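> Quick one: structure below, then a few questions.
The values are calculated or read from the model by the stated rules, or taken from the named source; none is laboratory data. Computed from a predicted structure; not experimentally measured. When we count neighbours, we look across all protein chains shown, and the Cβ atoms used for this are built from the backbone with ideal geometry, even at glycine. Note: accessible area is taken over every heavy atom of the protein model, side chains too, but ligands, DNA and RNA are not part of it. Shrake-Rupley method; radii C 1.70, N 1.55, O 1.52, S 1.80 Å.
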Amino acid sequence: LLLVAVLILGMVSSQKIGIPAELLAKALNHAAASDGTQSKLVQNLRNGDIDSLYGVAKSMHSENDPITSVLIWHQLADSSAHHIPSMVALGFAYSEGDKPQAIKYFVQAGEDGPHQGALYNAGRLFAEIGEITQALAYIRYSANLGKDEKTAMYAASRLSETAAKAYHILSDQILKMIDELSLQQMIDIFPYSNINDIPIAGGEVDKIWKSAIESLQAFTRTGVHDQVENSIIELIKLQNLDDFSKIQKNILRSIISKSLELSNIDKSEL
């Protein structure tokens, strides 16, 4: 059966989905052994159906043939098929032994789908390797996917709740270590440290924030005090707004404090 399958599927492999004939043959043998040679599943495989091939690979993975299944998922994910479920499957397949590789596929599936579970798992793995900015960003993306009418169809309420809970837990953990973070880490974290997407990208508050940070970064390069003074004044304005999260208010407080230390400016002089 294997040799016949290779001959039958060689044309399908090259013309339809670009899967090597040997991998398709293994999938066909697996499907035939479980469903019979005349089954609809076998016919779908012969016709080059991508979702059927993904499903068979999933079955093979659960029945102790992980190498073949991963090879098939790579073909489906990395080729022109750009198969989102295969990207997610690769994310889980690599999640224990190769977290960077797992993150790569979760991020790709999450953003290209969008795929809510992939977004959440990307954030979860970023947190595990200590990349807290990316962790906040992707977990929040997952939690808020259902709030946007353009992406609501891809969201499930239970997963949205799980992601929101994880986001708040991570935020609380970061809050406890604010004073241990570098200035750059706080700057990176700030835009993602509010579950309600505040500051809104391109909004007035966002412009003030970016202007303040640009002035601060310019001061660190040039040492010109006017720049850091302008930065601190703008940050103090932001500190008085009510819409920021607790973690954002603490980040603002800490950035202002570090800026004053760097510049040797007395806050009362501003």
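> Would a scan of the range 117-130 turn up a residue that is assigned to a loop (DSSP other than H, G, I, E, B), within 17 Å of LEU170 (Cβ to Cβ) and open to solvent by 30 Å² or more (accessible area, probe 1.4 Å)?
Start the filter on the range 117-130 by keeping residues that are assigned to a loop (DSSP other than H, G, I, E, B), which leaves 129-130.
Next cut, within 17 Å of LEU170 (Cβ to Cβ) only: 129-130.
If we keep only those that are open to solvent by 30 Å² or more (accessible area, probe 1.4 Å) too, we end up with 129-130.
Among the residues of the range 117-130, at least one is assigned to a loop (DSSP other than H, G, I, E, B), within 17 Å of LEU170 (Cβ to Cβ) and open to solvent by 30 Å² or more (accessible area, probe 1.4 Å), which makes the answer yes.
> Do you know which residues across the range 135-181 are of a type in the set (Ser, Thr, Tyr) and open to solvent by less than 40 Å² (accessible area, probe 1.4 Å)?
Just the residues of the range 135-181 that are of a type in the set (Ser, Thr, Tyr), to begin with: 138, 141-142, 151, 154, 157, 160, 162, 167, 171.
Hits for the range 135-181 are TYR138, SER142, THR151, SER160, TYR167, SER171.
> Which numbered condition trips up VAL56, out of (1) open to solvent by 20 Å² or more (accessible area, probe 1.4 Å); (2) modelled with pLDDT of 90 or more; (3) β-branched (Val, Ile, Thr)?
If we test VAL56 against (1) open to solvent by 20 Å² or more (accessible area, probe 1.4 Å); (2) modelled with pLDDT of 90 or more; (3) β-branched (Val, Ile, Thr), just (1) comes out false.
> Then there's this: For the range 47-82, what are the residues that are at positive phi and within 22 Å of the chain's Cα centre (by Cα)?
Here is the first cut: in the range 47-82, the ones at positive phi are 48, 64, 82.
Selection gives HIS82 alone.
> Which residue pairs have Cβ atoms under 9 Å apart, sit 6 or more places apart or on different chains, and have a first residue in the range 73-90 that is over 21 Å from LEU125 (Cβ atoms) and open to solvent by 10 Å² or more (accessible area, probe 1.4 Å) and a second that is assigned to a helix (DSSP H, G or I) and among the hydroxyl-bearing types (Ser, Thr, Tyr)?
GLN75/SER86
> Select from the range 84-116 the residues that are out of contact with any helix residue (DSSP H, G or I) (no Cβ under 7 Å at 6 or more places or on another chain) and assigned to a helix (DSSP H, G or I) and list them in ascending order. Give the steps one after another, and end with the answer.
If we filter the range 84-116 for residues that are out of contact with any helix residue (DSSP H, G or I) (no Cβ under 7 Å at 6 or more places or on another chain), which is where we start, we get 92, 96-98, 100, 104, 111.
Matches in the range 84-116: PHE92, PRO100, LYS104, GLU111.
> Being farther than 21 Å from ILE187 by Cα and within 14 Å of the chain's Cα centre (by Cα) is the filter here, so list the residues in the range 129-165 that pass it. Break it down stepwise before answering.
Looking only at the range 129-165, we keep the residues that are farther than 21 Å from ILE187 by Cα, and these are 142-165.
Within the range 129-165, SER142, ALA143, ASN144, LEU145, ALA163 qualify.
> In addition: Of all the residues that make up the range 14-29, how many are open to solvent by less than 50 Å² (accessible area, probe 1.4 Å) and at pLDDT 80 or above? Even if it seems obvious, please write down each step before you answer.
Taking the range 14-29 as the starting set, the residues that turn out to be open to solvent by less than 50 Å² (accessible area, probe 1.4 Å) are 17-19, 21, 23-25, 27-29.
Checking the rest, the ones that are also at pLDDT 80 or above come to 19, 21, 23-25, 27-29.
Total satisfying the criteria: 8.
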